[in-house]
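Every number here is computed from the coordinates shown, using simple stated rules; none is lab data. Quick caveat: nothing in here was measured; it's all calculated off a predicted structure. Cβ placement follows ideal geometry from the backbone for every residue including glycine, while neighbour counts extend to all protein chains displayed.
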Amino acid sequence: MLSKLRASVRSVLATSLVLLALSSAGVTFLVAAPAAHADAGDRATAFLITPSLAVARAESQAEAAVIAAQGVVASRTDMAELAGRKHLAAEAVQRDAVFQSSVARIDDTLKQKMLQNGIWRPDAPVSLDQLRVITMNFWDFSGRVETGQLIVNQAWATQVTKVFKMMFDARFPIHRLDPVNQLRQTSTSALAYDNSEGFHARTVNGGWSMHAYGLAIDINPVENPWVRAGVATVPVCGGPYAGRPAGVTGLVTPNSIVVKAFKSIGWTWGGTWNSSKDYMHFSSNGH
Ligand SMILES: [Zn+2]
């Protein structure tokens, strides 16, 4: 029996990663993974040893490896159970998620990112001191809670946070809330990236947009494009949504919570404009 054990021990040792750990019970040997090509005989031998017997005989790392091989089998079952429980816990956390937010000044790290991506520039009509970044969670397009950021004029940070809380509580889905992603280099690509954004030092018709003051917010630009004469002008990839098809995730409609939420703080929706329709756009003064 002992010689057979030693033979199997050598086999396991040769092909297994053995780790040494100290526990309160004394020295314990752990094996990371049993030998993939250890034959059935080796495994059978290992499993014949009861844990107490094996511990008593664990005079070498090699013998401990056999003990550990048993442990690995047990822990795999445990891991599967644990993973299942974690999954259920994560689902529960999602289901019970509550809105969380914080408002902060623009720090140096964010300032650098804003400069790199052209979100802010020195000739912008507002200084960084006049802006705030809201960090908050939101429901994404796959029904999960994510954390994102939105930069707005400091005068409206608290009110805008309330708007997003209303949207969160109603589980209105937002595709992205990411003001400084590297993919974004121009205002057009920013919109095609389907980012919901507030402040952005961009121009419109030769003047500063309300976004350049942090006084406008776009929601899901692709699904809610700026439509002129029935055609999605910006972003062009919003074309399929120019006709406002029902049932689209993230669509802003006259009765949607988004319109109601912004209306509650006195902001107006570009979807009510006459000359064109800017379905993504909300602003403090209607422009
Ligand atoms: Zn806009």
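Just a few scattered comments:
- Computed from phi, the 3J(HN,Hα) profile of region 102-114 under the Karplus parametrisation 6.51, -1.76, 1.60 (θ = phi - 60°) reads 8, 10, 9, 6, 7, 8, 4, 4, 5, 4, 4, 5, 5 Hz, with x in place of Gly and Pro.
- Ignoring lysines fewer than eight residues from Lys263 along the same chain, the ones with Cα atoms less than 28 angstrom from its Cα are Lys162, Lys165, Lys277.
- Charge tally in the Cβ shell below 14 Å around His87, where Lys, Arg are +1 and Asp, Glu are -1, His87 excluded: +2
- Relative contact order [Cα under 8 Å, 6+ residues apart], region 233-287, whole percent: 23 percent
- Projected label points at His287 and Ala104, each 7 Å from Cα along the beta carbon direction, are separated by 3.3 nanometres.
- Gain in span if fully extended, Arg85 to Arg144, counting 0.36 nm per residue against the direct Cα distance: 19.4 nm
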